[in-house]
Amino acid sequence: MATRLEVALPAAVAFVFGTACGGIAGWLAATGGQLQPDLSRPLPLAGSSSAPPPAATSAEDAERERQLRENLDRHLELVESDPGNVKLWRSIAEFQLGLNLLEDARASYEKAVTLAEGEGDDEELGKILMGQALLLSEAGENVEALDLLDRSSALMPESIRPRLMAAFVCMTQLMPNPPPGYDRKDAVERAEKNLAEVLLLSPGHPEALRMQGMIDNVRRSLGQTPP
C-alpha cells in the first residue's frame, strides 16, 4: 500500500507548479501525540522504518502517558537540586511536549536555551532548537520553526537531523497550508535546499532520496527539468 507521503507529495508538488488538484490543504503531518520526546532518534517520516507506529489502543496510550508523566516528575525533582543543568531542562521540555503540555514545554525550552547560550554549548543548543522547532510546528508556527531549524543546522554543521526535519516541515506543513503571503514554491525550494545538504552529508540517505525523487518525478511529468 502506498504511504501517505507517496500519495500526497506528487499531488502537492503538481499543485505548486501549476496543475490544479485538490485534497492538499488537509495533508498535514500527523505529529500530535505520536512523536516520542526522544529527539536523538531519527526523524519519523511517513512510510519509513522510523515512522510513528499505528494508532495506539487506549491501554497503550494510557501506559505511554503514565511513563511520560513518571519521567517528567522524576526530572522535575532532579532539576530542583540542579537548576542549572541544561540537559535536564531539555529532557523536561521533551517530556512536556510528549504530553502535549505545550506552554510548559515552551517555558522549559526557553530556560534550556538561556542555559545553553550561557555555556556556549553549540551542540546542546542545536538539539534544543530542534525541540523548539517541533513545538512551534505543533502550534502551527511553521515559518518560525524553520528559522529555528536553520539556526540548529548552523550550530550542528555535520548533523542531517535539523535539515531533514526542515524539509519535512516544508513539504507536510508549509507547502499544503501556507500562511498568508507565503509562496508554496518557496517551501519546495527550501525543502530541496535542505535535502541537498542532507545528501552532501550522507550520500544515499534513503529518506532524502525518496522525498527528492518524488519532487523530481512530478517536475518531469509537468515537462520541467529538476534543478
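Every number here is computed from the coordinates shown, using simple stated rules; none is lab data. What you see is a predicted model; the values in this text were computed from it and never measured. A quick note on method: Cβ atoms are made from the backbone with ideal geometry, for glycine too, and the neighbour counts reach across all protein chains shown.
Regarding the stretch 127-173, what is the average projected area of its C-alpha convex hull, in nm²? Mind showing how you got there, number by number?
Numbers: hull surface 10.4 nm².
So the mean shadow area of the Cα hull is 2.6 nm².
Which residues does the label zone of E117 cover in the stretch 160-188, counting backbone N under 17 Å from a point 7 Å along Cα→Cβ? From the stretch 160-188, the list is empty. Plainly put, the stretch 97-227 has a radius of gyration that is 1.02 times its Kirkwood radius, both from alpha-carbon atoms, as the Rg/Rh ratio. FRET efficiency for the D104 to E158 pair, using the beta carbon distance and R₀ = 30 Å, is estimated at 0.40.
Normalised by the number of residues in the stretch 123-218, what is the relative contact order in percent for Cα pairs under 8 Å and 6+ residues apart? It would help to have the intermediate numbers written out before the result.
Numbers: 96 pairs, mean separation 20.9, N = 96.
Across the stretch 123-218, relative contact order equals 22 percent.
Spacing of the modelled spin labels on L200 and S58, each 7 Å from Cα toward Cβ, amounts to 5.2 nm. What you get for the stretch 85-181, charging only the Cβ of Lys and Arg (+1) and of Asp and Glu (-1), is a dipole of about 240 debye around the Cα centre. For the stretch 141-227, GluC sites (Glu not before Pro) meeting the loop criterion (DSSP other than H, G, I, E, B) and having at most 11 other Cβ atoms within 10 Å: E158. By the count of other C-beta atoms within 10 Å, a proxy for reagent exposure, I92, I215 are ordered fewest to most as I215, I92. Listing D82, D150 from fewest to most neighbouring C-beta atoms within 10 Å gives D82, D150. In percent, rounded to a whole number, the relative contact order of the stretch 167-213 is 33, using alpha-carbon pairs under 8 Å and six or more apart.
Compute the relative contact order of the stretch 134-177 as a whole-number percentage, counting only Cα pairs closer than 8 Å that sit 6 or more residues apart in sequence.
Details: 24 pairs, mean separation 17.1, N = 44.
That works out to 39 percent.
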